[in-house]
1. Of Ser261, Ser251, Ser286, which residue is more than 30 Å from the chain's Cα centre (by Cα), small (Gly, Ala, Ser) and at pLDDT 95 or above?
2. Could you list, in sequence order, the residues of segment 235-268 that are in contact (Cβ under 8 Å) with a residue 40 or more places away in the chain and of a type outside the set (A, V, I, L, M, F, W, C)?
3. Please count how many residues of segment 65-95 are part of a loop (DSSP other than H, G, I, E, B), surrounded by fewer than 18 Cβ atoms within 10 Å (Cβ to Cβ) and more than 16 Å from the ligand (Cβ to nearest atom).
4. Kindly provide the set of residues from segment 43-52 that are within 13 Å of the ligand (Cβ to nearest atom) and more than 26 Å from the chain's Cα centre (by Cα), ordered by number.
5. Which residue out of Thr38, Thr31 is in the same structural domain as Val125 (by TED's automatic domain parsing), near the ligand (Cβ under 8 Å from one of its atoms) and at pLDDT 95 or above?
6. Give me a count of the residues in segment 1-24 that are in contact with a strand residue (DSSP E or B) (Cβ under 8 Å, 6 or more places away or on another chain), more than 15 Å from the ligand (Cβ to nearest atom) and of a type in the set (A, V, I, L, M, F, W, C).
7. Of everything in segment 236-263, what is touching an Asp or Glu at 6+ places or on another chain (Cβ under 9 Å) and surrounded by 19 or more Cβ atoms within 10 Å (Cβ to Cβ)? Give them in sequence order.
8. Could you identify the single residue in Ala204, Ala134 that is out of contact with any Pro (no Cβ under 9 Å at 6 or more places or on another chain) and farther than 30 Å from Leu246 by Cβ?
Amino acid sequence: MTTDNNVQVSVLGLGAMGGALAGALVRAGYTTTVWNRTPGKADDLVAQGAKAAATAGDAVRSGGLVIVCLLDHTSVHEVLDPLSTELAGRTLINVTTTSPAQSRELAAWAAQAGVAYLDGGIMAVPNMIGRPGASILYSGSADVFDRYKPLLDQWGTSTYFGEDAGLASLYDLALLAGMYVMFAGFMHGAAMVSPAGVTAGEFATMAAPWLTAMTGAFEGFAAVIDGGDYTVEGQQSLEFSNLDGLLTASSAQGIGTEVVSMVQRLIQRQIDAGHGKEGFARIIESIKQPG
Ligand SMILES: NC(=O)c1ccc[n+]([C@@H]2O[C@H](COP(=O)([O-])OP(=O)(O)OC[C@H]3O[C@@H](n4cnc5c(N)ncnc54)[C@H](OP(=O)(O)O)[C@@H]3O)[C@@H](O)[C@H]2O)c1
């Protein structure tokens, strides 16, 4: 990775994630000023070479790029609103988790204040920052992304989605939606085998390679969805995908059926609409057009 160690940076927010982001920049040799609402969280970073600011205003006034990693959108406004004058003409990168609408609102706030703005969505936990596997999604100012990419790359793989500041958050939340439903699927399977004396750990050793292999189906589903023709030969039909057997077996194990029932409902709505012979990927139409 290339670095531009002449860049000065201030990091506002030294929680688990902000501390990890600041630490990666300090270790990479960036001149880093740090601030946190509750004192004491900067001590380790100062020992590594960061400068601690007493207030958020002092951190911003120390110059350079401003990075914000706070709890949520409200806390970002609480910290930045009083500093809009100091921030005018400066560059702000906000990696706090926000909704697409909140990211767009902050981009508009920044434009009004004369601040160049880039929004980020972190696809990693703190101990992944600066290691392989960490990914951070960005949208907003392309100029800011291009200029600071060497710095952003210190945290993980940096991917830019476009000038609409809400896009990074949209991708972030869409990926998390997929993750949570997959996790629920794993939990359902673990609950299903539990009455048979199978531990969750034993089930995990089977589920991980199985689900990993199944992600290979995404590409084929995507080709069908993007092609818009669910009748293409070779697909598993919706009728063939009937999950009654899974529901019956789950109930027989004495467990809840919410997770599988949710998928069954998506399938059934398409069958009821006369599409039973078409491919399984068609359940996306049940999701796109809520019943
Ligand atoms: N941790 C993760 O695995 C992870 C993964 C992806 C994204 N993120 C996102 O990263 C952001 C930070 O997460 P985190 O794990 O660092 O959370 P955290 O450990 O709970 O830290 C929250 C930070 O926000 C500050 N804060 C909260 N309310 C504030 C306010 N009103 N004014 C000023 N500062 C305020 C806290 O300051 P005090 O120390 O004074 O309370 C602390 O620095 C969140 O948006 C989170 O969704 C986290």
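The values are calculated or read from the model by the stated rules, or taken from the named source; none is laboratory data. These numbers come from a predicted model, not from an experiment. As a convention, Cβ positions derive from the backbone with ideal geometry for all residues, glycine included, and neighbour counts pool all protein chains shown.
1. Details: Ser261 fails: more than 30 Å from the chain's Cα centre (by Cα); Ser286 fails: more than 30 Å from the chain's Cα centre (by Cα).
Sole residue among the options that is more than 30 Å from the chain's Cα centre (by Cα), small (Gly, Ala, Ser) and at pLDDT 95 or above: Ser251.
2. Residues satisfying the conditions are Gln235, Gln236, Ser237, Ser250, Gln253, Gly254, Gly256.
3. The initial filter retains those residues of segment 65-95 that are part of a loop (DSSP other than H, G, I, E, B), namely 69-72, 88-90, 95.
From what's left, surrounded by fewer than 18 Cβ atoms within 10 Å (Cβ to Cβ): 71-72, 88-89.
Cutting the leftovers down to more than 16 Å from the ligand (Cβ to nearest atom) gives us 88-89.
Matching residues across segment 65-95 total 2.
4. As a first pass, look at segment 43-52 and keep what is within 13 Å of the ligand (Cβ to nearest atom): 43, 45.
Within segment 43-52, Asp43 is the sole residue that qualifies.
5. Values: Thr31 fails: near the ligand (Cβ under 8 Å from one of its atoms).
The unique qualifying residue is Thr38.
6. The total comes to 2.
7. Result: Leu238, single match.
8. On the way: Ala204 fails: farther than 30 Å from Leu246 by Cβ.
Sole residue among the options that is out of contact with any Pro (no Cβ under 9 Å at 6 or more places or on another chain) and farther than 30 Å from Leu246 by Cβ: Ala134.
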